[in-house]
Each structure stands twice: as C-alpha cells, then as structure tokens.
Amino acid sequence: MDEVSLGVPKPLLERLPDGDDDAAADMQQAVAGWERRINRAIAEADDDREAAGHVLDAIDRFERRFETYDEFVPELRAWGQSPIYAIAWRNLYADLIGQLYEHEDLADRLDRERNARLVEDGIRLQDL
C-alpha cells in the first residue's frame, strides 16, 4: 500500500482568528505527526489488509475526536465562549477522514476492513 499524504486545508486556517499563528502551527504539527504514524504503520504492515486496519484505527480515533469537539460547540456557546477553536479542530478531523478516503485504492480497502470488523464483532446487517 502506498504512503498517505495529509494536510491542513487552507480554508480552515483562514477561518482562524487573525494573528493566531499558534493554533495553525499546532494543527500543522499534529497532522504531520499523524501522517508519520499512519505511514509508519503502513510500512510495517505485513499485507494490505493489515495496513488498511491501521488506517481504519486512525479514522476511528479521528471520528471519536470529531464527536468530542462537536459536543464542545454548544457547551462553549452556552457559557458565552467562542467555539471557533472547537469548530476548527472538529472540521480538521472531518477533513482528515475525507483525505484518507480520497487516497487511491484506500477507500475500497477501508470499506472492506470496516465490513470485516462488523462481521468479526458479530454484528449483522439486519441488526443495524
């Protein structure tokens, strides 16, 4: 399986408050770290199925983090705080998931691996 390339979308960075280069740098550093970890897991995998499993693990983490930040938005608003950073991180996680699914041949492998996990867990389509 080929290595993946991830990045912080420019429109997301442009929506951050002016003069806040720290948040942008944090996002870029985090994405670079995730890209390294995912590519290392792909390189160390014995086959494409194992590699897809590692990428799917990362996607699962991104989905959990997306949900966490999404839950922060109304809480912050309720307390009169700006949710801009929670929204930015939430959107970053959603975009990273999309970027991984856009990689050549990766989407099919991820779908197969997700389906295999559903079957291994004993969940059937009729139970969904």
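Here are the numbers for the structure shown:
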read-out	value
Area accessible to solvent at ARG112, 1.4 Å probe radius, in Å²	150 Å²
Accessible carbon and sulfur surface of the chain relative to its total accessible area, %, 1.4 Å	45 percent
Computed E for ASP26/VAL119 - FRET, C-beta separation, R0 30 angstrom, nearest 0.05	0.20
Table column - 3J(HN,Hα) (Hz), region 84-92, Karplus curve with 6.51, -1.76, 1.60, x for Gly and Pro	4, 6, 5, 5, 4, 5, 4, 5, 4
Value at 222 nm in deg cm²/dmol, rounded to 500, when DSSP H runs of n ≥ 4 in the chain each add -39,500 (n - 2.57)	-25000 deg cm²/dmol
By accessible area with a 1.4 Å probe, ligands and nucleic acids excluded, highest first: order of TYR93, TYR85, TYR69	TYR85, TYR69, TYR93
Where TRP89, TRP79 fall by accessible area, highest first, once all protein chains stay in place (1.4 Å)	TRP79, TRP89
Packing rank of 102-108, 16-22, where each peptide gets the mean count of other beta carbons within 10 Å, highest leading	102-108, 16-22
With DNA, RNA and ligands ignored, accessible area of ILE84 (1.4 Å probe; Å², nearest 10)	50 Å²
Principal-axis tilt of helix 21-44 within the chain, Cα atoms, nearest 10 degrees	10 degrees
Å² of accessible area per residue within region 1-124, as computed with a 1.4 Å probe and no ligands counted	62 Å²
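The values are calculated or read from the model by the stated rules, or taken from the named source; none is laboratory data. Nothing here was measured: the structure is a model prediction, and the numbers come from that model. Neighbour counts run over all protein chains shown; Cβ positions are idealised from the backbone, glycine included. Only protein heavy atoms, including side chains, enter the accessible area calculation; ligands, DNA and RNA are left aside. Shrake-Rupley method; radii C 1.70, N 1.55, O 1.52, S 1.80 Å.
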